[in-house]
Amino acid sequence: LLLRWRRRRGLWRKVAEAQERQERSLVRMETAVQRFREQNPSVNVVSILSLPLPELSKKLRDGSLPLDHVFYSYVSKAVQITTETNCITEYLQESESQLRKVKLTGKQGLLYGVPVSIKDSIDCQGHDSTMGFIKNLNKPAAEDSVVVQVLRRQGAIPFVKTNVPQSLISYDCKNLLFGQTRNPLLYTRTPGGSSGGEGALIGGGGSILGIGTDVGGSLRFPAAFCGVCALKPTGNRLSKRGILSGVVGQKAVAAAVGPLAKDVESLALCMRALLCEDMFSLDSTVPPLPFNEEVYSSTQPLRIGYYETDFFTMPSPAMRRAVRETKQLLEEAGHTLVPFELTNVDYVIFNFCVRGMFADGGTSFVKKFNGELEKGSTGLFFWLAKSPEWLKTLLSWIAKPFVPRFSGIIGNMRANTVSEVWSLHHEIEDFCHQFIAQWKKLNLDVMLCPMLGPALGIGYPGKLSVAVSYTMLYNALDFPAGVVPVTTVTDEDEDELKDYKGYYRDWWDRTLAKAFGGNVGMPVAVQCVALPWQEELCLRFMKEVETL
């Protein structure tokens, strides 16, 4: 007991040190801003922060805006937003020397002088990628991830790292090291996760461009909840070298790295910059597909599939209205909208996603928490992963008549044999081909889909793991998917919530009805989806939705 007490005390000391380091980072940012303001009292910070990324980068490249004016304007705003939301974990102080270096070399990449925020789990040389784990403290990355290397070569200046939920397997944003991140639009709401720090910082205006990751909606939830845009590309369109994963080695549910920004044009500029020769030479496993300008800038009318529900998670009234209104605007603009029938989403979530990610019964997932002081917001998965196989089987059987979704999760968190995993991968491939065949039979270009929203209250995502169905489907299929905010919650939406029952009428449905409430004025987004490797078409569709 004494040894255990001493060990725990040692862990709490490490937590305190991490929090002190976070505090010191903010002090450094404030000091740097103060020093700059004293030397440049006439800089118009508000006008700089109001510029969209394409316009800002043009002004940086033609010299009409000095690099340091832009950099310190964003550092100043980032300090304000993190004070309100707790979204930044670390200031990359070397960004100041990189700023001077970029000015001296004058080499103008597509993101010349643009400050960029980076998710905690993406390696930046000399800094920890903690994933909210104590064991990952004081283990600085030996080199930048490929994405960060390419950003730097394009003249971008990574300046902060942002908060994540412990283990990344959550769409809230809280860990023991750095605490809870709040939504900049309403502090009682989650910013989403796992790229929640990015969503909060960009949603609050403290960063103009951010890089995050997505294995079940981790880019799309923060963007939708914080009222910004994000793109989850096809899994291997951008390099994942030097990026930590929530469940290492699993291939059933494709993870992706992608950008978040205030508007679609900014996402396109980021993809244009990243899809360059540097990316393809630094990571030869990434297909050498440069950004296709012709597809992105096309004005041809689109044939668009759409659905209002996946019949697994009942959409909130605002979600349903967002799809209907967007559909109508697209039709009025000359596009063709075709209903798409979605089936067996429950099977996809349980058999492909839960079983695929936890194919070893959750053993490797549980191992990540060894020696940690808490288990974050992954309570249900952690508890199930630790349970013996006979108990999982028994609970699944007992729960099936009363709570079929709970039964589905338990039943698919068992350890699989190698041949069962191979069979599962084959089944996912078959499902993907069937989905594409249905898509091509309707002769579709893209798909309009609901996106979970509005933002749930803090703590609710941990209780509502089943609500990832709208996003996780496209990780299982490995299709590019982006989110665009299109409306806000109205009083009428709020009134209609009183009749929200859900499809299963279980505890999860009742909890989701509560979680959706009290959100008048909060943003609601839609998802825009394209076939694999068609990121430019996905962005073109997103741009169309945003414009309308």
Distance histogram for the range 277-334 (every C-alpha pair counted, 10 angstrom bins, percent rounded to whole numbers): 17, 26, 22, 26, 9
The range 185-281, Cα convex hull volume normalised per residue, Å³: 98
Cα-based Rg of the range 12-285 normalised by 2.2 N^0.38 Å, two decimals: 0.92
Extended-chain gain in nm, criterion 0.36 nm per residue less alpha-carbon gap, Leu289 and Arg28: 90.0 nm
Size descriptor, Kirkwood hydrodynamic radius, that averages inverse alpha-carbon separations across the range 360-415, Å: 11.7
Accessible-area composition of the chain, carbon plus sulfur, in percent [1.4 Å probe]: 54
Value of D in µm² per second that Stokes-Einstein yields for the range 228-353, Kirkwood Rh from Cα pairs, at 37 °C (0.692 mPa s): 185
Average accessible area per residue (Å²) across the chain - probe 1.4 Å, nucleic acids and ligands excluded: 39
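Given the Cα atoms of the range 294-429, and with Rh set as the inverse mean 1/r over their pairs in the Kirkwood sense, what is Rg to Rh to two decimals?
Result for the range 294-429 is an Rg/Rh of 1.12.
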222 nm mean residue ellipticity, helices alone, for the chain (DSSP H n ≥ 4; -39,500 (n - 2.57); rounded to 500): -13500 deg cm²/dmol
Distant-in-sequence amide H partners of Val520 (H built 1.01 Å from N, under 5 Å): none
For the range 424-548, diffusion coefficient by Stokes-Einstein and Kirkwood Rh (Cα), 25 °C, 0.890 mPa s, µm²/s: 150
Projected label distance in nm at Trp397 and Leu2, using a 7 Å step from Cα toward the beta-carbon: 4.8
Per-residue SASA entry for Ile157, accessible area with 1.4 Å probe, Å² rounded to 10: 0
Whole-Å semi-axes of the chain's equivalent ellipsoid (Cα gyration tensor): 34, 29, 22
Full-extension gain in nm, Lys386 to Ser281, via 0.36 nm per residue minus C-alpha separation: 33.6 nm
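The values are calculated or read from the model by the stated rules, or taken from the named source; none is laboratory data. Just so we're clear, the structure is a prediction, and the values are computed from it rather than from any experiment. All Cβ positions, even for glycine, are placed from backbone atoms using ideal geometry, and neighbour counts span all protein chains on display. Note: accessible area is taken over every heavy atom of the protein model, side chains too, but ligands, DNA and RNA are not part of it. Shrake-Rupley method; radii C 1.70, N 1.55, O 1.52, S 1.80 Å.
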